[in-house]
Amino acid sequence: MRLLALSGSTRHTSTNTALLRALQAIAPERIRISVYDRVGSLPIFSPHLEGSLTPLAAQEFLRSVRDCQGVIIASPEYVRSIPGGLKNAIDWLISTSFVIDKPIALVHASHRGDDMLQALRTVLATVSTQFNTDLFLRLPLLNETPERIAHIVGVPANRLSAENFLETFATFCRECAACEPA
Ligand SMILES: Cc1cc2nc3c(=O)[nH]c(=O)nc-3n(C[C@H](O)[C@H](O)[C@H](O)COP(=O)(O)O)c2cc1C
């Protein structure tokens with residue numbers, strides 16, 4: 001099973017990216033997670049750039065979504081909403097059909113950011129029929145370093161929650177794939 005872990009942060013020491021990398025590190029071998037932390041490299045979406053005019057960076061991003069069985073998203077809150085870079089990445093996704101039935105779940109690296117989470121849930125429920133609102137992993141990692149985050153996620157209670165999240169999401173992705181018309 002291939003999952004894409006999409007970070008809404010462009011910071012090198014992002015807590016959200018570090019949480020996604022920690023999930024990647026503890027995932028069982030049958031769940032392969034690729035972390036995408038380059039929303040900052042995507043040009044601003046424009047309907048004029050759809051199809052054959054799609055820039056290479058966006059093409060690569062769209063392919064990585066097409067080729068995975070599910071997407072995990074982690075993002076900071078900026079000005080009580082979704083950071084522009086992540087919203088732009090999602091706008092690119094709706095220029096294709098790749099996201100329509102894509103299983104999606106959220107994780108979050110802060111005890112804050114509920115306005116962003118609410119806005120992101122509205123957007124994801126709009127772009128995908130398989131956004132799983134019941135599944136959510138949240139750890140209070142604000143201001144922690146990536147090294148500390150790897151350690152914190154490895155603490156037995158957190159690791160159990162993270163493993164449960166991954167297993168439940170993988171099962172959900174398999175069920176979604178089984179329901180797709182042949
Ligand atoms: C431009 C900007 C706007 C922000 N706005 C908010 C906000 O509205 N509410 C909030 O709780 N935190 C806000 N923050 C703080 C970030 O959401 C917080 O530090 C987040 O955990 C950083 O995630 P990251 O480590 O993955 O980059 C803002 C940070 C920046 C840089």
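The values are calculated or read from the model by the stated rules, or taken from the named source; none is laboratory data. Predicted model, so just to flag it, every value in this text is computed and none were measured. When we count neighbours, we look across all protein chains shown, and the Cβ atoms used for this are built from the backbone with ideal geometry, even at glycine. These accessible areas exclude ligands, DNA and RNA; they are computed on the full protein's heavy atoms, side chains included. Shrake-Rupley method; radii C 1.70, N 1.55, O 1.52, S 1.80 Å.
General observations
- Phi angles of the stretch 14-21 translate, via the Karplus equation with coefficients 6.51, -1.76, 1.60 and θ = phi - 60°, into HN-Hα couplings of 4, 6, 5, 5, 5, 5, 5, 5 Hz per residue; Gly and Pro are given as x.
- Placed amide H near F131: partners under 5 Å, 5+ positions off or other chain: I104
- The chain: relative contact order in percent, alpha carbon pairs under 8 Å with at least 6 residues between: 26
- Annotation: amide H-H contacts under 5 Å for L3 (H modelled 1.01 Å from N, sequence separation of 5 or more, or interchain): R32, I33, S34, Q69.
- Secondary structure note: in the stretch 2-179, about 5% of the DSSP beta bridges are antiparallel.
- Per residue of the chain, the DSSP helices (runs of n ≥ 4 H) give a summed -39500 (n - 2.57) that works out to -14000 deg cm²/dmol at 222 nm.
- Our coupling estimate for the stretch 30-45, obtained by passing each phi through the Karplus curve with A = 6.51, B = -1.76, C = 1.60 and θ = phi - 60°, is 6, 10, 9, 10, 9, 9, 10, 10, 10, 4, x, 8, 7, x, 4, 5 Hz, Gly and Pro reported as x.
- Rounded if a/c under 1.5, otherwise prolate or oblate - the stretch 1-94, Cα gyration tensor axes: oblate
- Shape of the stretch 61-146, Cα gyration tensor, a/c cut at 1.5: prolate
- Here the chain has 54 percent of its accessible surface on carbon and sulfur atoms, given a 1.4 Å probe and all protein chains in place.
- Length gained when the stretch E167-S41 is fully extended (0.36 nm per residue, less Cα-Cα span): 42.3 nm
- Charged neighbours of V35, selected by a Cβ distance under 13 Å, balance to +3 (K, R count +1; D, E count -1).
- Nearest-10 value in Å² for the accessible area of V79, using the 1.4 Å probe: 140
- What the phi angles of the stretch 157-174 give under the Karplus curve with 6.51, -1.76 and 1.60, with θ = phi - 60°, is a coupling list of 5, 5, 4, 4, 4, 5, 5, 4, 4, 5, 5, 5, 5, 4, 4, 4, 4, 5 Hz, glycine and proline written as x.
- Overall form of the chain per C-alpha gyration tensor (a/c, 1.5; a/b vs b/c): oblate
- Note on A178 and H12: with the Förster distance fixed at 41 Å, the Cβ-Cβ geometry gives a FRET efficiency of about 0.55.
- Dipole magnitude for the chain: computed about the Cα centre from +1 point charges on Lys and Arg Cβ and -1 point charges on Asp and Glu Cβ, it is near 240 debye.
- Think of a 1.4 Å ball rolled over the protein heavy atoms: the stretch 2-179 then has 49 Å² of accessible area per residue.
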